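Participant: Pasting in a structure now, in structure tokens, and then I'll have a few things to ask.
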Amino acid sequence: MLTNNETSSRRIIHILLIFMIALFAIGFLAVNTPASADVKPAQVKGLQFYYVDDLSFTAAWDEAMNAEFYQVQYKKASAKKWYDLGSFSEASYDFEVPKSDTKYNVRVRGINGSKAGKWSSVKSVRTTIMRPRAIWCTHIDDSSIEVTWASSAGAKEYVLTWDDMSSDTLGSKTVKKTQTSYLVTGLQSSCGYSFQVRAKNGKKKSQQVSVDTSTYDETNVLDLPYPSASYFTLTRFTQHGSEYDMPVLYDTWTDSEGYVEDQGFYFMDMELQELVVKDAILSQQNQADVPIKSGITYKVGEKITAPDGSDYTISGLRLYTTPNIVFDDCDYYRDAYEKIDDFTVIVSIEEHPANPLFIYWENKPYWEW
């Protein structure tokens, strides 16, 4: 016969075994049974908007309990039908929308397997008016810089500001929508500056676009020889370390009805009087290429020793890029610059005008004027 203590011990062991088996069963079911079969996600809360631009904005929200994914929908505020963007694991989404200065509604709900949570409250956001697609420089000397920008649909005026690449604004100018350039004067020689422009229509403002550049010393000037020219003129062009100063225009191609077919940055040829080169080679037809000594200077009117050993007189220096027109995904100058493959200078010579020399860079050059 078992004693009371032995009976109690057996009961405790029996209870513990049952408890362990139950825990094992619960764990097994938790691993092998989808949560979606049992749990409906909580309603999405905290929907907000960030980085609102003319054709884009970002929506973000708080993570909802039991949500594995989030279903995102949006529509124009005036439309009846919602546009479904699909389901995503992140609690944010970067929108690209077709119209500027337009109010859009957004809603989000959690998804857990076959279970869908309640839609969030509908939130609205208005895209800004169209921002200028680019800004660039068309004149630089020792004390002034002229900046030009692409026009913006919906703009009544433009606000241009500039600084010396610090947080303090040095100046500001508001111009009418018919004016898309401005000459900033009274600048310091050989000093870096940043220019920003945004479109404005009453209280509505676009996001800004910007360009960083610098003034020259007293002997160097960048300019267009005439408004419709396909090239810049530049007294001296020195390879150094600031690639983002290279001159560029911005072109827009339209169809017969005026709709934009393509637009992008156009790196115009440059007619130089003087060129300082490093990490490049000199090429001549039917001759082996010759490395150029680092820091050598070529000037129009002076002699150059060709790969065949002959000395010729330089009659012209013309720099161009390949490609010289960049369209793909380039709203900003730096994106376009990174897509350039090659830089070349045609060295025209007086003795043989039909047979120029060529300067090629071994790697993508970085420039400073």
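Participant: Sorted by mean Cβ packing within 10 Å, highest first, what order do the peptides 148-157, 134-143 take?
Facilitator: Per-residue Cβ counts within 10 Å, averaged per peptide and sorted highest first, yield 134-143, 148-157.
Participant: Averaging sequence separations of C-alpha pairs under 8 Å and six or more residues apart, then dividing by the length of region 125-273, give the relative contact order as a whole percent.
Facilitator: Working: 343 pairs, mean separation 35.5, N = 149.
For region 125-273, the relative contact order is 24 percent.
Participant: Loop-only GluC sites (Glu not before Pro) in region 57-122, please: DSSP not H, G, I, E or B, and at most 12 other Cβ atoms within 10 Å. Write out the running numbers ahead of the final one.
Facilitator: Working: sites: Glu63, Glu68, Glu90, Glu96; in loops: Glu63, Glu68, Glu90.
Loop-located and lightly packed - Glu90.
Participant: Pop a pseudo-label 7 angstrom from the Cα along the beta-carbon direction at both Ala229 and Lys45 and give the gap in nm to one decimal.
Facilitator: 6.4 nm
Participant: Where does region 268-337 land on Rg(C-alpha)/(2.2 N^0.38 Å)? Walk me through the numbers before you get to the answer.
Facilitator: Working: Rg = 15.3 Å, N = 70, 2.2 N^0.38 = 11.1 Å.
Relative to the 2.2 N^0.38 Å estimate, region 268-337 comes out at 1.39.
Participant: Using Cα-Cα distances under 8 Å and only pairs 6 or more residues apart, what relative contact order does region 34-128 have, in percent?
Facilitator: Averaging sequence separation for qualifying contacts and normalising by length gives 38 percent for region 34-128.
Participant: Another question, then. Could you tell me the largest-minus-smallest coordinate of the C-alpha atoms of region 160-246 on each of the three principal axes, in descending order and whole angstroms?
Facilitator: Reported extents, whole Å, longest axis first: 44, 34, 23.
Participant: What accessible surface, in Å², does a 1.4 Å probe find on Ile111, ignoring ligands, DNA and RNA and rounding to the nearest 10?
Facilitator: Its accessible surface works out to 30 Å², give or take rounding.
Participant: Of Lys40/Lys103; Lys81/Lys177; Lys45/Lys81; Lys118/Lys204, which sit over 28 Å apart, Cα to Cα? Please report the intermediate quantities before stating the final value.
Facilitator: On the way: Lys40/Lys103 31 Å; Lys81/Lys177 36 Å; Lys45/Lys81 22 Å; Lys118/Lys204 35 Å.
Correct reply: Lys40/Lys103; Lys81/Lys177; Lys118/Lys204.
Participant: Roughly how many percent of the accessible protein surface of region 98-230 is carbon and sulfur, given a 1.4 Å probe and a whole-percent answer?
Facilitator: Working: 2830 of 6310 Å².
Carbon and sulfur together cover 45 percent of it.
Participant: At 7 Å along the Cα-to-beta-carbon direction for both Tyr320 and Leu85, put a label point, then send me their distance in nm to one decimal.
Facilitator: Taking the two extended label points, one gets 4.3 nm.
Participant: Run the numbers for Asp212 and Thr174: contour at 0.36 nm per residue of separation, minus the present Cα-Cα distance, in nm. Could the numbers behind the result be given before it?
Facilitator: Details: separation 38, 0.36 × 38 = 13.68 nm, distance 1.96 nm.
Length gained, Asp212 through Thr174: 11.7 nm.
The values are calculated or read from the model by the stated rules, or taken from the named source; none is laboratory data. Quick caveat, the model's predicted, so the values are computed rather than measured. In this analysis, Cβ positions are derived from the backbone assuming ideal geometry, glycine residues included, and neighbour counts consider all displayed protein chains. Areas reflect the complete protein model, heavy atoms only, side chains present, ligands, DNA and RNA absent. Shrake-Rupley method; radii C 1.70, N 1.55, O 1.52, S 1.80 Å.
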